[in-house]
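For reference, the structure discussed in these notes is given below.
Every number in this text was worked out from the coordinates using simple rules, so none of it is lab data. The shown structure was predicted, so the numbers you read here are calculated from the model rather than taken from an experiment. Cβ placement follows ideal geometry from the backbone for every residue including glycine, while neighbour counts extend to all protein chains displayed.
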Amino acid sequence: METPDSFYFYEKRKFDSQEPYRCKLEWGVEGAIRAASRGDILVIVDILSFSTTTTYAVSQGATVYPCTKTDDMESLAEKFHAKIAYSRTDAASKGIYSLSPITFDSISPGEAVILPSLNGSNCSRLCSDAPYVFIGSFLNVSAIADVISTLITKTDIDVTVVACGEREKKSNELRPAIEDYLGAGAIIKKLTCEKSPEALVCESAFEMNENRVAELIWDSVSGRELRAIGFEDDVTFACKHDFVKTVPYIHQDAFVSYPSTTST
């Protein structure tokens with residue numbers, strides 16, 4: 001029996017493929033699975049904070065293994081000879097690293113880290129068989145756009161930018177997050193290929209608010225949530241535009257720097 005989790009299910013639903021456009025926009029895990037089933041290039045956007053933290057960590061020379069909250073992190077750490085990144089509030093007592101990007105300021109090049117996340121990690125792990133799975137954030141907008149532009153010019157593979165969104169604590173339902181939508185729009189704006197209506201509206205949302213992105217994210221639900229527990233700096237850091245030139249992509253289960261990209 002076919003279910004919404006089946007690649008075959010999505011293959012038959014041509015109406016939601018956003019074809020024939022080369023650039024598409026999807027939301028959350030189901031959208032990421034749908035894009036992977038089409039054989040698209042995926043750009044995972046989870047601004048607060050998986051994408052931002054992964055981008056910065058990889059720019060500092062780290063190898064990042066995404067994992068979900070249900071994974072056995074201790075076993076993964078042993079398998080990959082990696083350190084575990086804990087929750088922001090637990091990091092001080094349990095370890096050095098967390099989803100807070102600035103905890104990776106002093107990481108040693110070549111160090112491996114297990115990075116758990118509810119949204120960005122799920123999208124990345126479930127779609128790791130896609131032709132390419134990249135990480136996009138405000139930190140690397142121009143760099144990721146350059147890589148995608150080159151790939152879609154040289155190949156017939158389309159790209160889907162995935163705004164991860166958040167999960168409601170009680171129902172676990174998807175909650176759209178404006179920081180991810182704006183981040184996706186910033187990347188889409190720099191692409192020159194044909195864009196689906198969904199991608200165009202996302203691009204327009206960014207263009208209309210380009211000069212106040214940091215202000216909007218600061219006062220968004222996600223921004224307020226982080227500020228309430230003392231992580232104002234994480235919100236500010238996530239809005240740094242073109243801070244690095246690194247483009248993380250999945251290679252052998254981990255995010256590493258895409259060839260020909262460099263850190264700043």
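Listed by Cβ neighbour count within 10 Å, with the fewest neighbours leading, ILE96, ILE152, ILE250 appear as ILE96, ILE152, ILE250.
In the chain, the calculated helix contribution to ellipticity at 222 nm averages -11500 deg cm²/dmol per residue, counting -39,500 (n - 2.57) for every DSSP H run with n ≥ 4. Working from Cα pairs under 8 Å separated by at least six residues, relative contact order for the chain is 28 percent. Size descriptors for the chain: radius of gyration and Dmax over Cα atoms are 17.2, 51 Å.
The Cβ shell under 11 Å around CYS202 holds other residues with a net charge of -2, Lys and Arg each +1, Asp and Glu each -1.
Per-residue packing, averaged as other Cβ atoms within 10 Å, sorts the ranges 181-188, 209-216 into the order 181-188, 209-216, beginning with the highest.
In the range 120-264, Cα pairs under 8 Å separated by at least six residues give a relative contact order of 30 percent. Mind jotting down the distance between the C-alpha centroids of the range 185-217 and the range 23-47, whole Å? Measuring centre to centre over Cα atoms gives 16 Å. For the residue pairs LYS24/LYS169; LYS69/LYS94; LYS169/LYS240; LYS170/LYS240, alpha carbon separations beyond 20 Å are given by LYS24/LYS169; LYS169/LYS240; LYS170/LYS240. Candidates VAL64, SER196, TRP27 compared by Cα position along the dipole of the chain: farthest toward the positive end lies VAL64, with charges placed on Cβ. Ordering VAL159, SER49, ALA143 by Cα displacement along the dipole of the chain toward the positive end leaves ALA143 in first place; charges were set at the Cβ atoms of Lys, Arg (+1) and Asp, Glu (-1).
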